[in-house]
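What follows is a short report on a single structure.
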Amino acid sequence: MGNSYKTSILDQAWFSNISRPSRYIGNEINSVKKSPEGVDVSIALAFPDVYEVGMSHLGLKILYNILNSYDWLAAERIFSPWHDLEKQLRLQKIPVSTLESNRPLSSFDIIGFSLQHELSYTNVLNMLDLSFIPFTAETRSEGHPLIIAGGPACFNPEPVADFFDLILIGDGEQAAVDICTVVREAKKNKSSKKDVLTEMRHIKGVYVPSFFNIHHSIDGHIDAIDPVFADYQTVEKAVVPDIDDFPYPVSQIVPFTELIHDRVALEVSRGCTRGCRFCQAGMIYRPVRERSPESILEKAEQALKLTGYDELTLLSLSSGDYSCIEPLIRVLMDRHSREGVALSLPSLRVDSLNNALIEQIKRVRKTGFTLAPEAGSDRLRRIINKGLTEEDILNTAHIVYRAGWDLIKLYFMVGLPQELEKDVYEIVTLARRIAGLSGSKSKRIKVNLSVSTFVPKSHTPFMWLPQISVAEGMKRIQIIREGLRNSRVRVKWNEPELSWLEGIFSRGDRRLSLAIGIAWSLGARFDAWSEQNRGMAIWSEAFRRSGIDPEYYLRRERLPDEILPWDHIRSGVSKRFLKEELIKSQKEELTRDCRINCMKCGVCNQEEIAPVVFNSRECRLNQEKQDIPEFPVTSEKYRLTFIKVRRSKYLSHLELVQVFIRAFKRSGLKLVYSRGFHPMPRIVFANALPVGTESLEETVEIIIRQCPDSDFLMESINKELPDGIEIIGVEKLMAPKKPCQIKESHFLISISGVEFNESYLDSFLRSEYFPVTKSGKNGKREINARPMAQSMSVVAPDKVELVMRHINGPGLKPAEIIKGVFHFNDMDEIGMSVLKTRQVIEEK
C-alpha cells in the first residue's frame with residue numbers, strides 16, 4: 001500500500017462530516033506518545049468496537065498504563081471504525097491506524113485484541129482486513145505482527161482459535177508484560193514465529209491454538225483434543241494473587257467524546273463469592289481479591305485530580321460485597337462531595353444494600369439505581385443460586401424510593417433452566433409491585449425493566465443445558481411487554497436473535513471460524529448492536545454455506561462425560577464442582593457465599609492463590625466530616641477568550657464544554673455549582689461552533705471561588721488544555737453582569753481548487769429573501785439566509801469573508817450559506833475550510 005500508510009484521516013476533506021470525528025483524533029489528556037524508534041517492542045491494543053465502548057473498559061486502561069510504564073515498550077490504542085469511516089478508508093485505500101502515532105497496525109510487533117463478548121468477532125476480521133493483514137494464523141507470514149487476544153470471551157476460544165497466534169486466558173497484568181518480553185528477546189535473536197510461540201507456551205495463561213489438534217466424529221462431537229507438546233496439555237488461567245501489587249491507572253486518559261461509562265473507574269475488588277450459577281464472570285474471575293481501603297482512597301484522590309472527572313464509580317462484580325464498603329463510601333464522600341463529585345456503584349446486589357449505604361450514595365447527586373432480581377420467582381432464584389426473596393427485593397425498592405430516587409432499573413432474564421410460564425408472569429407482577437412502591441400517583445415511568453434471553457456459558461453449571469429458541473424467547477418477552485402495557489414500567493429487551501448468535505459462539509468449536517469469515521464477507525459488522533444487526537439472515541446464510549447446523553450448539557443437552565470444546569482451558573473451577581452445582585440447581589438448593597465457607601471449587605490452593613478479603617471490623621478509616629458550606633462565601637466571575645484550532649476543531653460544542661470543565665478541575669480551580677437535583681458548574685459559553693470550524697476568538701464565562709490573579713488563572717488552565725485550545729485573554733467581571741452575547745462573527749472561508757463566482761454573490765447581496773436548504777434529522781427545510789449575512793466579499797479567487805449576524809430563530813452554518821449563495825454541490829461543501837477570525841460581543 002506504500003504511501004497510503006503515511007496518510008492521516010485528519011487531513012481528509014471529508015473527515016469533519018463523519019459521525020463523531022472526535023473518536024478518531026487522539027491527543028487526549030493523559031495519553032502516552034512514544035517514538036517508534038525509541039522502543040524495542042510495540043503493541044497495538046485493539047478493541048473491536050467503537051471508541052466510546054472500548055474506552056469505557058477498565059482492562060484496556062490497566063494494560064495501557066502497565067505496558068507504557070516500561071521504557072522499552074510502547075502500547076497504543078485502536079478501535080473499530082464506524083461504517084461511515086470504514087467506507088471512506090476503503091475508497092481511499094487508507095489503512096486503520098492507532099490514535100497515538102497514526103501508524104498502521106501492520107507496522108506493530110503485536111496486535112492484541114480485547115474480546116469482551118462473542119459478538120465482536122466480525123469486527124476483529126474487519127480491523128485485520130482494513131490493515132491488509134490475512135485472517136488466519138496459518139496464512140500470515142513471518143513479517144506480519146503477532147496477533148493475540150484476551151478477555152472473558154477467550155475462556156472458550158475455539159470459535160476464533162484459527163485467527164490468533166496465541167490467546168491469553170485470565171488476568172493480563174503480568175502475562176502481557178511476559179509476552180512482550182519474549183518478543184523483545186526474539187527480535188534481538190531474530191527468532192522465528194514458531195520459536196516465539198514455543199517459548200510463549202511456558203507463560204501461564206497463554207494458549208497457542210496451533211499446539212492443539214482437535215478431532216471430530218461424524219456427528220460433530222469432539223473425539224479428542226490432542227496437544228502437540230507433552231508438557232503443554234492444558235492451559236491454566238493466569239491469576240494475579242493481589243491486585244494491589246500492580247500499578248493502577250490513576251492518570252486515566254480523558255476522552256473528548258462522551259463514553260458509555262464516562263467517569264473515573266476504580267476497581268475495588270476482582271472476583272465474586274456469590275456463586276450465581278448462570279454467571280460466567282463469577283466463575284472465571286475467582287477468587288475474590290479486594291483492594292485495600294487505604295489504596296482505594298489514595299487512588300481515588302489521585303485519579304480525580306489527574307482527570308478532572310466529577311463522578312467516581314467503584315467497580316467489581318458486586319460492589320456492595322466489598323468488606324469495608326460503608327466506611328469507605330463515607331470517607332470518599334466526606335473528601336470529595338464539596339467539589340461536586342458523585343459516586344456510583346454499578347453492580348449492587350439487593351441483599352448488600354441498606355439505608356446507610358444509600359444515604360451516602362445520594363449525597364451529591366443521584367446517579368441511577370439498578371437492581372438485578374434476574375428471575376421473577378423465589379423458586380427460580382433458588383435454582384440459579386440467587387437467594388433473594390420477593391420480600392428482600394420489595395424492601396430494597398421501598399428504601400430506594402424513600403431516599404429520593406424516582407426511577408429504578410431492573411434486570412431480568414427469560415429462558416433460565418426450569419423456567420415455567422408462571423415464572424415469566426411473576427416478572428410482570430413483581431415489576432408492578434415495585435412501581436407501586438414509588439409513593440407517587442402520577443403516570444410517569446417509575447421502573448425501567450430490561451430483559452434478555454439467557455445464554456448458557458462455558459465454565460458454568462448450566463454449560464451442559466440447551467438454550468431456548470428465538471421464537472420461545474420472543475414469546476416470553478412478549479408476555480412481559482403485554483403484561484406491563486399501560487403501567488408505569490418501561491420495558492426494554494435484547495433481541496432474541498442476538499442471544500441466538502451469542503449462544504452459538506459461547507459453546508462453539510473451531511468449525512465456526514469458517515462461518516465467521518463468510519458472515520464478515522456478507523457484511524456482518526457490529527453484531528452486538530441491534531440497530532446494526534440485519535437479523536439472522538446473514539448468519540443463517542453463513543452457517544448454510546459453511547455446513548454448520550446452529551441448533552447443534554443451541555438446542556442440544558450435552559452429556560456429562562462429553563468432551564467439550566474448552567476442556568483444555570482451565571478456569572480453576574473444576575468440572576466436578578460445576579456438576580455438583582447443576583445437581584443442586586435441580587433440587588432448588590442454595591450454595592453459600594464462599595466468604596463464609598469455602599466450597600472447594602478448585603480455584604484456591606490457599607498458598608499462592610487464595611481470597612484477599614479485609615476484615616470490616618478492622619477498617620480504621622478517618623471518618624471526620626468536613627464543614628461543607630452549601631455555597632462559597634465569595635465568588636468571582638471571569639470571561640475567558642480562547643482559540644480552537646487544528647485537531648480540536650473536530651470537537652462538538654458539548655465535547656468542548658466537558659474539555660473545559662475537566663481542565664478547570666485538574667487545574668485546581670474551585671468551581672461554583674448551581675443548586676438543584678443535578679448541580680452543575682456555573683459556566684456559560686457565548687457561542688457554539690460547528691464541528692470542523694476553527695476559531696481565533698471564542699468566549700466562555702465562569703464563576704469560581706477566589707483566584708490569585710488573571711495571569712495565574714490563564715497559566716494554570718492552559719497547562720490542562722489539549723493541543724489546539726488555548727486561553728489568550730482573561731477579564732474579571734462584575735458578578736451581577738449577565739452572560740455576554742455575540743453580536744456578529746467574522747469568517748474566512750476557502751475551497752482549494754474552486755473559484756468563487758462573484759455574480760452569484762452580487763445576486764445574493766441584492767436580495768431581501770434568499771432561501772437555503774438545510775438538512776436535518778426531521779428532513780429538509782428552507783431558511784432565509786439573507787438576514788444572517790451582514791456582509792460578504794470575495795477577497796481572493798478561492799476565499800470569501802463572511803460577517804454573520806447572530807439572530808433568533810433557525811440558523812445556518814457559514815458553510816451552508818456559502819454553498820447556497822455560490823451554488824456549490826455537496827462535495828464542494830465537504831472541501832470547505834472555515835476559520836472564524838473575530839467576534840463582536842454585545843454587552844448587557
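What to note about this one:
- Tally, over the range 744-772, of residues that are open to solvent by 40 Å² or more (accessible area, probe 1.4 Å) and touching a Gly at 6+ places or on another chain (Cβ under 7 Å): 1
- Residue check, I383 modelled with pLDDT of 95 or more, over 19 Å from I480 (Cα atoms), buried (at least 22 other Cβ atoms within 10 Å of the Cβ) and of a type outside the set (G, A, S): yes
- Of the residues I203, I167, I179, I147, the single one that is in a helix (DSSP H, G or I) and of a type in the set (A, V, I, L, M, F, W, C) is I179.
- Matching residues in the range 472-508 - criterion: being among the basic types (K, R) and in contact (Cβ under 8 Å) with a residue 60 or more places away in the chain: R476, R507
- Scanning the range 166-183 for residues that are more than 25 Å from the chain's Cα centre (by Cα) and open to solvent by less than 20 Å² (accessible area, probe 1.4 Å) returns I179, C180, V183.
- Among the residues of the range 215-242, those identified as more than 24 Å from S513 (Cα to Cα) and within 38 Å of the chain's Cα centre (by Cα) are A238, V239, V240, P241, D242.
- Members of the range 696-722 that are under 29 Å from N27 (Cβ atoms), open to solvent by less than 70 Å² (accessible area, probe 1.4 Å) and assigned to a loop (DSSP other than H, G, I, E, B): C707, E720, L721, P722
- Take the conditions (1) surrounded by fewer than 21 Cβ atoms within 10 Å (Cβ to Cβ); (2) touching a residue at least 60 places away in the same chain (Cβ under 8 Å); (3) hydroxyl-bearing (S, T, Y); S35 misses just one of them, which is (2).
- Qualifying residue in the range 204-212 (condition: in contact with a Ser or Thr (Cβ under 9 Å, 6 or more places away or on another chain) and buried (at least 16 other Cβ atoms within 10 Å of the Cβ)): yes
- Taking (1) in contact with a Leu (Cβ under 9 Å, 6 or more places away or on another chain); (2) at pLDDT below 95; (3) farther than 17 Å from E758 by Cα; (4) open to solvent by less than 40 Å² (accessible area, probe 1.4 Å) in turn, S833 satisfies each apart from (4).
- Condition broken by Y70, with the remaining ones in (1) in contact with a strand residue (DSSP E or B) (Cβ under 9 Å, 6 or more places away or on another chain); (2) among the hydroxyl-bearing types (S, T, Y); (3) in a helix (DSSP H, G or I) satisfied: (3)
- Enumeration of residues in the range 73-103 that are over 20 Å from L115 (Cβ atoms), outside any helix (DSSP H, G or I) and among the polar types (S, T, N, Q): S97, S101, N102
Matching residues to (1) of a type in the set (S, T, N, Q); (2) assigned to a loop (DSSP other than H, G, I, E, B); (3) at pLDDT 95 or above; (4) touching a helix residue (DSSP H, G or I) at 6+ places or on another chain (Cβ under 7 Å):
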| position | (1), (2), (3), (4) |
| --- | --- |
| E258 | no, yes, no, yes |
| D262 | no, yes, no, no |
| A265 | no, no, no, yes |
| M283 | no, no, yes, no |
| K299 | no, no, yes, no |
| T313 | yes, no, no, no |
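Yes or no, residue by residue, for (1) free of Cβ contacts under 8 Å to residues at least 40 places away in the same chain; (2) more than 30 Å from V672 (Cβ to Cβ); (3) surrounded by 22 or more Cβ atoms within 10 Å (Cβ to Cβ); (4) touching a strand residue (DSSP E or B) at 6+ places or on another chain (Cβ under 8 Å):
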| residue | (1), (2), (3), (4) |
| --- | --- |
| M283 | no, yes, yes, no |
| R286 | no, yes, yes, no |
| R291 | no, yes, yes, yes |
| K305 | no, no, no, no |
| Y309 | no, no, yes, yes |
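- So D334, is it part of a helix (DSSP H, G or I), open to solvent by less than 20 Å² (accessible area, probe 1.4 Å), charged (D, E, K, R) and within 27 Å of E472 (Cα to Cα): no
- Selection status of I18, closer than 19 Å to E258 by Cα and surrounded by fewer than 23 Cβ atoms within 10 Å (Cβ to Cβ): yes
- Residue check for R381: of a type in the set (D, E, K, R) and in contact (Cβ under 8 Å) with a residue 12 or more places away in the chain: no
- Qualifying position, being closer than 19 Å to F454 by Cβ and either surrounded by fewer than 16 Cβ atoms within 10 Å (Cβ to Cβ) or at pLDDT below 95 (or both), among E541, E581, E588, E562: E588
- Among the residues listed as F212, F163, the single one being over 20 Å from V239 (Cα atoms), within 25 Å of the chain's Cα centre (by Cα) and of a type in the set (F, W, Y): F163
- The range 639-689 - residue that is of a type in the set (G, A, S), on the phi < 0 side of the Ramachandran plot and out of contact with any Lys or Arg (no Cβ under 7 Å at 6 or more places or on another chain) and, of those, most open to solvent (accessible area, probe 1.4 Å): A688
- Evaluated against (1) touching a residue at least 60 places away in the same chain (Cβ under 8 Å); (2) touching an Asp or Glu at 6+ places or on another chain (Cβ under 8 Å); (3) surrounded by 20 or more Cβ atoms within 10 Å (Cβ to Cβ), N27 falls short on exactly one condition, (3).
- Test result for W72, more than 26 Å from V182 (Cβ to Cβ) and open to solvent by 20 Å² or more (accessible area, probe 1.4 Å): no
- Pairs with Cβ under 9 Å, 6+ apart, first in the range 701-727 and in contact (Cβ under 8 Å) with a residue 40 or more places away in the chain, second acidic (D, E) and not in a strand (DSSP E or B): P722/E28; I727/E715
- Filtered by the rule that a residue be buried (at least 21 other Cβ atoms within 10 Å of the Cβ) and aromatic (F, W, Y), the range 808-827 gives a lone residue, F822.
- The residue of the range 311-331 that is nearest to the chain's Cα centre (by Cα), among those that are charged (D, E, K, R) and surrounded by fewer than 22 Cβ atoms within 10 Å (Cβ to Cβ), is E311.
- Sub-9 Å Cβ pairs linking a first residue in the range 411-435 that is free of Cβ contacts under 8 Å to residues at least 12 places away in the same chain to a second residue that is outside any helix (DSSP H, G or I) and open to solvent by less than 10 Å² (accessible area, probe 1.4 Å), at least 6 apart or interchain, are L420/S377, ordered by first then second residue.
- Flag if N784 is open to solvent by less than 70 Å² (accessible area, probe 1.4 Å), without any contact (Cβ under 8 Å) to a residue 12 or more places away in the chain and in contact with a strand residue (DSSP E or B) (Cβ under 7 Å, 6 or more places away or on another chain): no
The values are calculated or read from the model by the stated rules, or taken from the named source; none is laboratory data. Please read these numbers as outputs of a predicted model, since none were measured by experiment. Please note: Cβ atoms are built from the backbone with ideal geometry, for glycine as well, and neighbour counts cover all protein chains shown. Accessible surface is based on the protein model in full, side chains and every heavy atom, while ligands, DNA and RNA are left aside. Shrake-Rupley method; radii C 1.70, N 1.55, O 1.52, S 1.80 Å.
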